[in-house]
1. Return the sequence-ordered ³J(HN,Hα) values of the range B:56-63 in whole Hz as given by the Karplus equation 6.51 cos²θ - 1.76 cosθ + 1.60 applied to θ = phi - 60°, using x for Gly and Pro.
2. Before we go on, tell me the buried accessible area for the B/A pair, both chains summed, 1.4 Å probe, in Å² to the nearest 100.
3. Rounded to two decimals, what ratio of Rg to Rh does the range B:1-41 give with C-alpha atoms and a Kirkwood Rh?
4. List the longest stretch of chain A that has no exposed loop site; here a site is one of the trypsin sites (Lys or Arg not before Pro) assigned by DSSP to anything other than H, G, I, E or B, with at most 15 other Cβ within 10 Å.
5. On average, how much accessible surface per residue is there in the protein assembly as shown, in Å², for a 1.4 Å probe, leaving out ligands, DNA and RNA?
6. What's the carbon and sulfur percent of chain B's accessible surface, probe 1.4 angstrom, rounded to a whole number?
7. Hey, if you put +1 on the Cβ of every Lys and Arg and -1 on every Asp and Glu Cβ in chain B, which of B:PHE91, B:PHE77, B:THR20 ends up farthest toward the positive end of that dipole?
8. Quick one: among B:THR31, B:THR72, B:THR20, which has the greatest mean-square fluctuation in a GNM of chain B with alpha-carbon springs under 10 angstrom?
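The values are calculated or read from the model by the stated rules, or taken from the named source; none is laboratory data. In this text, all values refer to a predicted model and were calculated from it rather than measured experimentally. Every residue, glycine among them, receives a Cβ derived from its backbone with ideal geometry; neighbour counts consider all protein chains shown. Accessible surface is based on the protein model in full, side chains and every heavy atom, while ligands, DNA and RNA are left aside. Shrake-Rupley method; radii C 1.70, N 1.55, O 1.52, S 1.80 Å.
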Amino acid sequence: DSGVTQTPKHLITATGQRVTLRCSPRSGDLSVYWYQQSLDQGLQFLIQYYNGEERAKGNILERFSAQQFPDLHSELNLSSLELGDSALYFCASSAIGSPRGTEAFFGQGTRLTVV
Amino acid sequence: AQKVTQAQTEISVVEKEDVTLDCVYETRDTTYYLFWYKQPPSGELVFLIRRNSFDEQNEISGRYSWNFQKSTSSFNFTITASQVVDSAVYFCALSGSSGGSYIPTFGRGTSLIVHP
């Protein structure tokens, strides 16, 4: 168990809809990352938050947004969903900035299917 | 920009064979970190090891060993006496210190199939 919790595990929704994926990081980790894993693109970095502030952006579509709350949990919002958004979405957390190390620990992922 | 290349898309071995998974990286950072992750069929990503750029000492953990060579920008992973439970996709990743973000960049992964 990595200590990172993601909900829900599976999500099936229709095109055009909006969904919210939730992530609770490991206790004490201030940094949260979101990744998208698809067969053709591999593991793509979407966005990073650190202690409530956006730290870095990757290949995140404008239809997607995220935030990190004061209790450090994070949410990834996906809107106007398209078939191509079907993928496994991972949240990860790390303790960067502390002696605990820079490795990212991943949640079990949310498998999103857009039909 | 940083880049990780795992040239082997899929490796198939028979149980008890040794297998080496290759990883080559590119980065401009002088301080960086290398990782290996395992993704079993169940889908979760499991952290295996971290290596710091300033520590080229090889590491062994049971049947797993890692060979870090800065001169060739490689961080290879060897499984000795492979077992069926080792069947998974293995990812090599790199994060650099520039900007303080330490964002892991992943290779495309190597699918390891161990046959009984």
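1. Those phi angles translate into 8, 5, 6, 10, 10, 9, x, 8 Hz.
2. Rounded to the nearest hundred, the buried surface is 1600 Å².
3. 1.06
4. A:19-62
5. Solvent-accessible surface per residue comes out at 47 Å².
6. Values: 2680 of 5530 Å².
Whole-percent figure for carbon plus sulfur exposure: 49.
7. The residue sitting farthest along the positive end of the dipole is B:PHE91.
8. Looking only at B:THR31, B:THR72, B:THR20, the biggest GNM fluctuation is shown by B:THR72.
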